[in-house]
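A short write-up of the structure that comes next.
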Amino acid sequence: MNEENKIKFPHNVFLEDRKKLSVSGVNDIGSFDDETIVAYTDMGELTVRGEGLHINKMSVDTGELSVEGEISALIYSENENPKKNGGFFARLFG
């Protein structure tokens with residue numbers, strides 16, 4: 001699917017008590033482990049840092065990501081194309 005026909009989801013970030021994170025508008029996951037999750041959104045690359053991070057839900061159909069753990073940082077950087085960089089779901093389903 002080219003960039004013009006790509007479905008865009010509203011982008012929202014909800015953080016509860018620095019332990020539960022809900023993000024909408026996620027297009028792909030670049031990488032993840034128990035300390036870092038890299039998610040690609042229409043608003044840029046979102047890096048979540050912390051300890052004991054666990055992805056509870058990731059839906060490519062709805063663009064929803066749910067994370068639990070000790071969240072210490074949410075960092076945005078310039079938007080990169082996850083297909084070009086071979087994001088996790090791009091490699092899994094691509």
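The values are calculated or read from the model by the stated rules, or taken from the named source; none is laboratory data. None of these values were measured; they are calculated from a predicted model. FYI the Cβ positions are ideal-geometry reconstructions off the backbone, even for glycines, and counts take in every protein chain you see. Side chains are part of the model used for accessible areas, which takes the heavy atoms of the whole protein and leaves out ligands, DNA and RNA. Shrake-Rupley method; radii C 1.70, N 1.55, O 1.52, S 1.80 Å.
Collect the residues in region 55-65 that are open to solvent by 30 Å² or more (accessible area, probe 1.4 Å), touching a residue at least 40 places away in the same chain (Cβ under 8 Å) and either in a strand (DSSP E or B) or within 13 Å of TYR76 (Cβ to Cβ) (or both), keeping them in residue-number order.
GLU64
In region 26-54, which residues are part of a strand (DSSP E or B), aliphatic (A, V, I, L, M) and over 16 Å from ALA73 (Cα atoms)?
VAL26, ILE29
Please indicate, with yes or no, whether at least one residue in region 76-87 is open to solvent by less than 20 Å² (accessible area, probe 1.4 Å), at pLDDT 90 or above and either touching a Phe, Trp or Tyr at 6+ places or on another chain (Cβ under 8 Å) or not aliphatic (A, V, I, L, M) (or both).
Checked against the condition, which is being open to solvent by less than 20 Å² (accessible area, probe 1.4 Å), at pLDDT 90 or above and either touching a Phe, Trp or Tyr at 6+ places or on another chain (Cβ under 8 Å) or not aliphatic (A, V, I, L, M) (or both), region 76-87 yields no hits at all.
Only one residue in PHE32, PHE14 is at pLDDT 95 or above, open to solvent by 80 Å² or more (accessible area, probe 1.4 Å) and either within 11 Å of the chain's Cα centre (by Cα) or among the β-branched types (Val, Ile, Thr) (or both). Which one?
Testing whether each residue is at pLDDT 95 or above, open to solvent by 80 Å² or more (accessible area, probe 1.4 Å) and either within 11 Å of the chain's Cα centre (by Cα) or among the β-branched types (Val, Ile, Thr) (or both) leaves just PHE32.
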